[in-house]
1. For residues that are among the aliphatic types (A, V, I, L, M), in contact (Cβ under 8 Å) with a residue 60 or more places away in the chain and surrounded by fewer than 21 Cβ atoms within 10 Å (Cβ to Cβ), tally how many sit in the range 68-123.
2. Among the listed residues ALA95, ALA143, ALA37, ALA71, which satisfies the condition of being more than 24 Å from GLN23 (Cα to Cα) and either touching a strand residue (DSSP E or B) at 6+ places or on another chain (Cβ under 9 Å) or of a type in the set (A, V, I, L, M, F, W, C) (or both)?
3. Restrict the check to the range 25-35 and report whether at least one residue is under 16 Å from CYS141 (Cα atoms), modelled with pLDDT of 90 or more and touching a Gly at 6+ places or on another chain (Cβ under 7 Å).
4. Working only within the range 89-102, note down all residues that are closer than 14 Å to ASP147 by Cα and assigned to a loop (DSSP other than H, G, I, E, B).
5. Any residue at all in the range 42-65 that is at pLDDT 95 or above, surrounded by fewer than 17 Cβ atoms within 10 Å (Cβ to Cβ) and closer than 30 Å to GLN25 by Cα?
6. Evaluate the following for MET73: is it touching a His at 6+ places or on another chain (Cβ under 8 Å) and at pLDDT 95 or above?
7. State whether the residues of the range 120-140 include one that is touching a Pro at 6+ places or on another chain (Cβ under 9 Å) and of a type in the set (Phe, Trp, Tyr).
8. Would you pick out the residues in the range 131-150 that are among the aromatic types (Phe, Trp, Tyr) and over 13 Å from the mean Cα position of the chain (by Cα)?
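The values are calculated or read from the model by the stated rules, or taken from the named source; none is laboratory data. Since the model is a prediction, treat every value here as computed from it, not as a measurement. Positions of Cβ are generated from backbone atoms using ideal geometry, with glycine treated the same way; all protein chains shown enter the neighbour counts.
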Amino acid sequence: MRRILLALATVVGVVTALPAAAQFQKPEDAVKYRKGAFWVMGQHFGRIGAMVQGRVPFDGAVAAANAEIVADMSKLPFAGFVEGTAGTEKGTPKANVWTDKAKFDAGAKKMQEEAAKLATAAKANNLETLKTAFGSAAATCKACHDDYRN
C-alpha cells in the first residue's frame, strides 16, 4: 500500500509539473522526463502482468490501483519527444518518431486508449477480463517499440 501511495504522489507531482516540463532546457532533460514516465508506467504495468501470467496471486484492488496509474502515466511521456533526442543506443527512439510524427502520435493515442480500457477492465475485478485488456494494451506497447524504438 505504501508503494501505491508513493507512486500516486509521484504521479500527482509529475502532473502538476507538466506545464513546466513542456519546455525543456536541454534535450537530456526531455530524455530523462520521458524515460522516467515510461519507467513508472512499466513498473505498474509489470505488476498487472505478473497477475495475468499467474506469477503472483490475482488481487482485484491491487490490479485496479496499478491500472489507474498506468492510465494516468500513459499521458505523460510524449511531451519528452522533442527534436534532438533521437539516439542509436538500445532503448532510444528512432529518427522516424519525428519523420512519421502523425503515425507516432496515433500510436501514442492508441496506447492511451488501451491503458484507459485496462483501468476500466481492472475495476471489474475479473481476471479473465483483465487478461484480455492487458493483452490489448501490451500489443499497443509492442507495436510502438517495434516501429519506433532502437
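1. Qualifying residue count, the range 68-123: 1.
2. Values: ALA95 fails: more than 24 Å from GLN23 (Cα to Cα); ALA37 fails: more than 24 Å from GLN23 (Cα to Cα); ALA71 fails: more than 24 Å from GLN23 (Cα to Cα).
Going through ALA95, ALA143, ALA37, ALA71 in turn, just one is more than 24 Å from GLN23 (Cα to Cα) and either touching a strand residue (DSSP E or B) at 6+ places or on another chain (Cβ under 9 Å) or of a type in the set (A, V, I, L, M, F, W, C) (or both): ALA143.
3. yes
4. Correct list: LYS90, GLY91, THR92, LYS94, ALA95, ASP100.
5. yes
6. On the way: touching a His at 6+ places or on another chain (Cβ under 8 Å): yes; at pLDDT 95 or above: yes.
Yes; evaluated as a whole, the condition is true for this residue.
7. no
8. TYR148
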